[in-house]
Amino acid sequence: MNKHTKNWKVDFGDLSIGNQIVVRAETLGPDHASLTEKRANVRLAAAAPELLEYLKQATDQFKLEYTPTPLDGRAALIRKFEALIKKAEGGAE
């Protein structure tokens, strides 16, 4: 876990930081979603900072090992990764 998630925990579908519940599973997702789906959303939210960090590392490594060309599908993949990183960090939607 990284510095953002070290005190996070998911218990009975609720996301807590330390001893304080910050997200209840029942509130994360559309009203029609099942509690199972909402609990999955909480687990995803708890993992998001770590997933972002690994996406950054993978993108950097991929760019070091590969020189993209305009018509190559891998260049488009790198652009998608970079757009996701920017979105997660509060950049363009």
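Bear in mind that the values in this text are calculations on the coordinates, not laboratory data. Everything quoted here is computed from the prediction, not taken from an experiment. Note: ideal-geometry Cβ built from the backbone for every residue, glycine included; neighbour counts use all protein chains shown.
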Spelling out what I want: for every residue of the range 48-63, take phi, set θ = phi - 60°, compute 6.51 cos²θ - 1.76 cosθ + 1.60 (Karplus), and round to whole Hz; glycine and proline get x.
3, x, 5, 4, 4, 4, 5, 5, 4, 4, 5, 5, 4, 5, 4, 5
If I model a spin label at residue 32 and residue 60 as a point 7 Å from the Cα along the Cα→Cβ vector, what separation in nanometres do I get?
4.2 nm
Lys and Arg at +1, Asp and Glu at -1: neighbours of residue 73 with Cβ under 14 Å from its Cβ sum to +2
